[in-house]
Amino acid sequence: MPEIIYGSLIAEKCRTETAEKTAHLKKRTGKAPRLDVIIAGDNPASRIYVRNKEKAAANTGIVSIVHALPVETPRENLLQRIAELNENPEVNGILVQLPLPNPEDEKIVTQAVSPDKDVDGFHPLNLGRLMLREDGFTPCTPRGCMRLIHSVLPDISGLNAVVIGRSTIVGKPMAQLLLNADATVTTTHSKTTDLPSVCRRADILVAAVGIPRFVKAGWVRDGAVVIDVGINRLENGTLCGDVDFEAVLPKCRAITPVPKGVGPMTIAMLMENTVEAFCRQNGIDPAQRTNPSL
Ligand code: NAP
């Protein structure tokens, strides 16, 4: 029987562990980890994401401070705010909610966050550390996907993994994490020829495309593990993933649903990264990430 991997349940377990860790750290240091989130403008989806992050922080004992800036905030002011947070020893993690009102600001603003507080893992130094298998911050969504994969396949060494999508926040770090865990990895994108036959080679198939129900049953090898990163809102208001879930399900060994799959893991990993940042900044061994592929 195919297994549905409910990220929502695994994320709940991660949050409980983070809450325990945070309580322990508070007892030991007298301080709680703190996450500062900058949101510029009034993008409704971004507001929901930020509210969900605040809720998750509250549930795990992490202090969260939201800096809501007006849509017309100039780049210099954004950079100034980041510089202040970088300098503030009370701040452990900094997250700039994307997209920014001016997409041209995104690169420079992301790179302005101190790599030691970059809990999103988007700074070039952290992406480089991921490639070098050194400790750093791993982008939250791919990190969450690895947890989901490991929940059904503890050892993926030698397996064929195919990632659809090569974005900097999902596809590329996802492929690197799979490679770090000794899978044989193929990254595909919009110029890939004969994508269905590439996908059919996959023991592990990760879809991060942004096209509703893009991956068809005929693309999936019998017994594959399928991770659906996509979050697409349909005209009727419902959410669906990048995988044709109903059709693909019978072919899989395991598959994530949308919603309740990868989405909740992203926020749970953000909380873990924030606790890791706190530990490192306070000279405490985070006692996790002994394996850089996680
Ligand atoms: P993105 O930056 O738009 O990247 C999409 C990727 O898909 C690109 O690499 C693109 O290729 C590739 N692609 C587009 N059309 C294709 C086609 N016909 N065949 C093969 N590849 C194709 O998107 P993203 O930020 O990675 O996000 C992907 C999806 O994941 C979205 O639905 C997003 O909402 C969702 N997401 C979910 C979470 C979560 O927490 N669950 C987090 C982040 C993103 P090119 O590079 O060649 O253009």
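What to note about this one:
- Distance from the Cα centroid of the range 144-221 to that of the range 91-134 is 24 Å (rounded to whole angstrom).
- ³J(HN,Hα), Karplus 6.51/-1.76/1.60, whole Hz, each residue of the range 90-105, x for Gly, Pro: 6, 8, 9, x, 10, 10, 9, 5, 9, x, 7, x, 10, x, 5, 7
- Remark: relative contact order (the chain) = 22 percent; criterion is Cα-Cα distance under 8 angstrom and separation of 6 or more residues.
- Rounded to the nearest 20, the Cβ-based charge dipole of the range 135-194 about its Cα centre (Lys and Arg +1, Asp and Glu -1) stands at 240 debye.
- Rounded to 10°, Cα long-axis angle of helix 7-29 versus longest principal axis of the chain: 30 degrees
- The charge dipole of the range 51-103, taken about its Cα centre with unit charges on the Cβ atoms of Lys, Arg (+1), Asp and Glu (-1) only, comes to about 280 debye.
- Gyration tensor (alpha-carbon) shape descriptor, the range 1-117, a/c threshold 1.5: oblate
- The packing ranking of peptides 83-96, 231-244, 188-201, highest mean first, is 83-96, 231-244, 188-201, where packing means the average number of other beta carbon atoms within 10 angstrom of each residue.
- With helices as the sole contributors, the chain gives -13000 deg cm²/dmol at 222 nm; each DSSP H run of n ≥ 4 counts as -39500 (n - 2.57), and the sum is divided by every residue.
- Dipole magnitude for the chain: computed about the Cα centre from +1 point charges on Lys and Arg Cβ and -1 point charges on Asp and Glu Cβ, it is near 460 debye.
- Listed residue (LEU195, PRO154, ILE94) projecting farthest to the positive dipole end of the chain, Cβ model: PRO154
- Burial ordering of ASP135, ASP222, fewest other beta-carbon atoms within 10 Å first: ASP222, ASP135
- With Cα atoms as the point set, the radius of gyration and Dmax of the chain evaluate to 18.9, 57 Å.
- Highest average packing first - 208-220, 167-179, Cβ atoms within 10 Å: 167-179, 208-220
- Shown for SER64, SER8: other C-beta atoms within 10 Å of each C-beta, ranked fewest to most, produce the order SER8, SER64.
- Ellipsoid fit via the Cα gyration tensor, the range 79-193: semi-axes of 29, 17, 11 Å, each the root of five times an eigenvalue, largest first.
None of the figures in this text is laboratory data; all of them are computed from the coordinates on show. Only a predicted model underlies this, so the values are computations on that prediction, with no experimental measurement involved. Glycine gets a Cβ as well: all are built from the backbone with ideal geometry, and neighbour counts include every protein chain shown.
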